[in-house]
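Report on one structure; see the data block that follows.
The values are calculated or read from the model by the stated rules, or taken from the named source; none is laboratory data. Since the model is a prediction, treat every value here as computed from it, not as a measurement. Note: ideal-geometry Cβ built from the backbone for every residue, glycine included; neighbour counts use all protein chains shown. Keep in mind that these areas ignore ligands, DNA and RNA; they rest on the heavy atoms of the full protein, side chains included. Shrake-Rupley method; radii C 1.70, N 1.55, O 1.52, S 1.80 Å.
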Amino acid sequence: MKKLLPLVALSAAALAGQSPVFPAARLVDLTHPFDAQTIYWPTAQPFRYEKEHWGVGPGGYFYAAGRYSASEHGGTHLDAPIHFAEGTATVDEIPPADLFLPAVVVDVSARTQGNPDYRVQPSDLSAWERVHGRIPAGSAVLVRTGWGRYWPDRARYLGTAKPGDVAGLRFPGIGVEAAKVLAARGVRAVGIDTASIDHGRSKDFIAHRTLYAENIYGLENLANLEKLPPRGATLIALPMKIAGGSGAPVRVVALLP
């Protein structure tokens, strides 16, 4: 019975018109909506939504239901380590505790100006650490490239709007040496406001391979990173729990300090 008390308190607060846990001003949604404009990898199946029923039915009451389909890797989504590292965790195997993490935001948007091929370097991480202290083990490091401002313009966000055109991809990512530093720091997750933690022109996806081999998961196509402080926020990333999945759509929220 004691375990139910917090739920009772939540319900009472909701009925009273109060925020049950956190004031809205302390929450930042880092998730792009899933709709016809959602950006997916050029070779991936896009998000599709169909209304099965939407209106008043024979019973005289309103009823709404639909169906959706999509690839695992598109829109704001979680990469499970298994995506690029055999024998590591699938989506459903990521411990729930790893979905609630202190957030570190590394802003490299000034360096990506005019350079869509920029890759985060160890010097970017050391510059952050000189000001804010060592990147803590067990944290989620979120890289702000500034590319979120282009969403949902495929041509500007991806570098190409042509279906299947992976050769035309151009956007910033994380360099392999920086990935090694993050792995050494013991972070649990790495996120970015582009379509991939590797830069668009990557052919070997070495940042993915380096990080995911350490059972570090990824978050891609994040929104609103400019609204977060360099440190102090808490990341909440709750993916669809796909059994055996290599990735999944995810609702990502940050709780501000």
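There is at least one residue in region 85-98 that is surrounded by 14 or more Cβ atoms within 10 Å (Cβ to Cβ) and within 15 Å of residue 191 (Cα to Cα).
When region 81-104 is filtered for residues that are in a strand (DSSP E or B) and in contact with a Lys or Arg (Cβ under 6 Å, 6 or more places away or on another chain), the ones remaining, listed by number, are 101, 104. Scanning region 112-145 for residues that are without any contact (Cβ under 8 Å) to a residue 40 or more places away in the chain and open to solvent by 60 Å² or more (accessible area, probe 1.4 Å) yields 113, 114, 123, 130. Going by what's in this entry, would residue 111 be described as at pLDDT 95 or above, part of a helix (DSSP H, G or I) and under 14 Å from residue 225 (Cβ atoms)? So residue 111 does not fit the description; no.
Restricting 195, 183, 189 to those that are free of Cβ contacts under 8 Å to residues at least 60 places away in the same chain and not β-branched (Val, Ile, Thr) reduces the list to 183. Close contacts from region 233-257, counting a first residue that is among the basic types (Lys, Arg) and a second that is not in a strand (DSSP E or B), with Cβ to Cβ under 6 Å and a gap of 6+ residues or different chains, come to 241/92; 251/31.
Need pairs with beta-carbon distance below 6 Å; first residue more than 19 Å from residue 249 (Cα to Cα) and within region 57-70, second open to solvent by 100 Å² or more (accessible area, probe 1.4 Å) and not β-branched (Val, Ile, Thr); sequence gap 6+ or separate chains. Final answer for the pair search is 57/63; 64/54.
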